[in-house]
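The values are calculated or read from the model by the stated rules, or taken from the named source; none is laboratory data. Remember, it's a predicted structure, so these values are computed and weren't measured experimentally. With ideal geometry, Cβ positions are generated from the backbone for all residues, glycine too; neighbour counts draw on all protein chains shown. We work out accessible area using only protein heavy atoms, side chains counted, and drop any ligands, DNA or RNA first. Shrake-Rupley method; radii C 1.70, N 1.55, O 1.52, S 1.80 Å.
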Amino acid sequence: MSLIPTLAEIVARARADLRMGLPVMVGGHVAAAAETLSAARLADLRALGPAVLALTERRAQTLKARAYDAGLARVILPPEADLAWLRALADPADDLRHPMKGPLFTARDGDAADHRAALALAKSAQLLPAAVMVPAAPVEGLTRLPAAPLMAQLTQEAALAPVAAARVPIIASERSRLHVFRPDNGGEEHYAVEIGDPPRDAPVLARLHSACFTGDVLGSLKCDCGPQLHAALEAMGQAGAGILLYLNQEGRGIGLANKMRAYDLQDQGFDTVEANHRLGFEDDERDFRIGAALLRRLGFGAVRLMTNNPRKVAMMQGHGIEVAERVPLIVPQNPHNQGYLAVKAQKSGHLL
């Protein structure tokens, strides 16, 4: 029956639940995001049974907690654990000011599939990857998701549907058109800026640009995103044709709030990659399949890709888009982003 929600729709509902502080059922566990959980709900969760805090292996390494399960650790909650204790483990903001958080005891028996799925769900909701987990029978009213189908859904490529398009004259080119695409998994919309009338039967000058509110809108000097965005549009305007894909994957896919947490850690002396790891994320959580899907949707099969990131080239080619040429996109550095760009080159392989 079409009125029954699909798995993708239930996952989207579960994301919203976690962001509001409402637990969800993942397999045989009640799972709640440590970041948004209230004291009252924490007490009710603990009344259901023995609780653990699931953390990614990246975060566990920072806390010196033993990760017995591939990719994660299940930290046993001591009787005195409260919200402050949970959030100190989940959020590294005060790691340097209050480094002693242990001893932490982690579970090593039993299946961790539910915990792994809950962490992936929290990441997809752009929350800190830390979940309070309690084994329990189904709780009435909570969104319920089986672990294996949830993991499969989270790794599945979303279908992108065109929503609207209109002419939008911009500084780089008065002949430009903005397309809006909406994924079928409840995720954020993505945009394509079409400059001129690029032919579909030849490699098009293209740029995959991940959203950067601080750089693109505020003109932040901590990164090179804003200058790269405007340089790419200017190059397309001068060429008379091009396509810029603006992908809503802020902060390498971790979201603006977590990006600000990473910035705070950078101010404490950690580099970009180290900050992401302390938060519990990987170096880069973006999904570049979205760019390839948008290009195909717009009728492009080959590109001259404006990027300094070889990974983007490999991802495009791996998903059916021919990269006829990598076009470097080098912009001036400043004293605030020299370290950031050095890490891009040294740890992320960017060709600068």
Any hit, the range 105-115, residues being among the aromatic types (F, W, Y), more than 27 Å from D264 (Cβ to Cβ) and open to solvent by 50 Å² or more (accessible area, probe 1.4 Å): yes
Matching entry among F300, F270 (being among the hydrophobic types (A, V, I, L, M, F, W, C) and either farther than 24 Å from A158 by Cα or assigned to a helix (DSSP H, G or I) (or both)): F270
Which numbered condition P198 fails, given (1) open to solvent by less than 50 Å² (accessible area, probe 1.4 Å); (2) without any contact (Cβ under 8 Å) to a residue 60 or more places away in the chain; (3) not aliphatic (A, V, I, L, M): (2)
Residue within the range 68-77 that is open to solvent by less than 50 Å² (accessible area, probe 1.4 Å) and on the phi > 0 side of the Ramachandran plot present: yes
Qualifying residues in the range 146-190 (those that are buried (at least 17 other Cβ atoms within 10 Å of the Cβ) and hydroxyl-bearing (S, T, Y)) - the one farthest from V24 (Cα to Cα): S173
A239 vs. criteria more than 18 Å from the chain's Cα centre (by Cα) and open to solvent by less than 30 Å² (accessible area, probe 1.4 Å): no
Matching residues in the range 212-234 - criterion: being touching a Gly at 6+ places or on another chain (Cβ under 7 Å) and either assigned to a helix (DSSP H, G or I) or open to solvent by 40 Å² or more (accessible area, probe 1.4 Å) (or both): G215, D216, G219, C225, G226
Residue match in the range 244-263 (condition: surrounded by fewer than 18 Cβ atoms within 10 Å (Cβ to Cβ), under 15 Å from V343 (Cβ atoms) and touching a residue at least 24 places away in the same chain (Cβ under 8 Å)): yes
Restricting the range 313-330 to residues that are crowded, with 16+ Cβ neighbours inside 10 Å and not aliphatic (A, V, I, L, M), the residue that is nearest to R207 (Cα to Cα): R326
Whichever residue in the range 286-297 is in a loop (DSSP other than H, G, I, E, B) and at pLDDT 90 or above and, among such residues, is surrounded by the most Cβ atoms within 10 Å (Cβ to Cβ): R286
Selected residue (criterion: surrounded by the most Cβ atoms within 10 Å (Cβ to Cβ)) from residues of the range 1-24 that are of a type in the set (V, I, T) and touching a residue at least 24 places away in the same chain (Cβ under 8 Å): V24
